[in-house]
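Remarks on the structure that follows.
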Amino acid sequence: MITYKKVLQDAGITPSMQRIKILEYLDKNRVHPSADTIYKALKKDMPTLSKTTVYNTLKTLVEHNVLTELSLYDNEIRYEYNQDQHIHFKCIECRKVYDIDKKYKCYKNEIIEGHKVLDHQVILKGVCKHCLEKRKK
């Protein structure tokens, strides 16, 4: 079993307790949280944790391809640890983001009309099944 410390070391990141806890939170809470959500969740058990540390850690983890940064809503960045190819579905009512386990044509590192694709995301937008159920009631 690979540990979070090993994941960080393999990515060339010095493991710290804060970095390990942030990575662990993202792995165990696959809800595409914002930096603020992560901070609030971890602050209870880590009272010395600062928002700056959370933001800097997330930036480092994204730069080293450990996390993916998602721009799903205006002026709001979400983060995820799931690096497997998948589609995102965002609900316009409850604002939750779901992973859809469907394959699609991946263009990462391909040249398209002379442009090199470094990253891409497939985002579907609509009303989730939970919100649709609430409408029926």
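The values are calculated or read from the model by the stated rules, or taken from the named source; none is laboratory data. Fair warning: this is a prediction, and the values are worked out from it, not measured in the lab. Counting neighbours? That spans all protein chains shown, and the Cβs are built from the backbone with ideal geometry, glycine included.
Of all the criteria given as (1) surrounded by 10 or more Cβ atoms within 10 Å (Cβ to Cβ); (2) hydroxyl-bearing (Ser, Thr, Tyr); (3) assigned to a loop (DSSP other than H, G, I, E, B), the one not satisfied by THR48 is (1). Here the condition is being exposed (fewer than 14 other Cβ atoms within 10 Å of the Cβ), in contact with a Phe, Trp or Tyr (Cβ under 9 Å, 6 or more places away or on another chain) and under 24 Å from VAL62 (Cα atoms); of ILE100, ILE87, it holds for ILE100 alone. Among the residues of region 5-35, those that are touching a strand residue (DSSP E or B) at 6+ places or on another chain (Cβ under 9 Å), on the phi < 0 side of the Ramachandran plot and not hydrophobic (A, V, I, L, M, F, W, C) comprise ARG30, PRO33, SER34.
For region 53-106, which fully contained strands (runs of 3 or more DSSP E) count at least 2 residues that are among the small types (Gly, Ala, Ser) and either within 13 Å of the chain's Cα centre (by Cα) or at pLDDT 90 or above (or both)?
Values: elements: 68-73, 76-80, 87-91, 97-100.
Here the list is empty.
Here ARG19 fits the description: touching a Ser or Thr at 6+ places or on another chain (Cβ under 9 Å), charged (D, E, K, R), buried (at least 18 other Cβ atoms within 10 Å of the Cβ) and more than 25 Å from CYS131 (Cβ to Cβ). If HIS64 satisfies all but one of (1) in contact with a Gly (Cβ under 9 Å, 6 or more places away or on another chain); (2) closer than 18 Å to LYS125 by Cα; (3) touching a residue at least 40 places away in the same chain (Cβ under 8 Å), what's the number of the condition it fails? Only one criterion in (1) in contact with a Gly (Cβ under 9 Å, 6 or more places away or on another chain); (2) closer than 18 Å to LYS125 by Cα; (3) touching a residue at least 40 places away in the same chain (Cβ under 8 Å) is unmet by HIS64, namely (2).
Just one of the listed residues (GLU80, GLU93, GLU24) is over 21 Å from LYS125 (Cα atoms) and not small (Gly, Ala, Ser), namely GLU24. Restricting attention to region 12-45 and to residues that are modelled with pLDDT of 95 or more, part of a loop (DSSP other than H, G, I, E, B) and touching a Leu at 6+ places or on another chain (Cβ under 8 Å), the residue that is nearest to ILE87 (Cα to Cα) turns out to be ILE13. Flag not set for ASN109, criterion: more than 24 Å from CYS131 (Cβ to Cβ), touching a residue at least 40 places away in the same chain (Cβ under 8 Å) and not in a helix (DSSP H, G or I).
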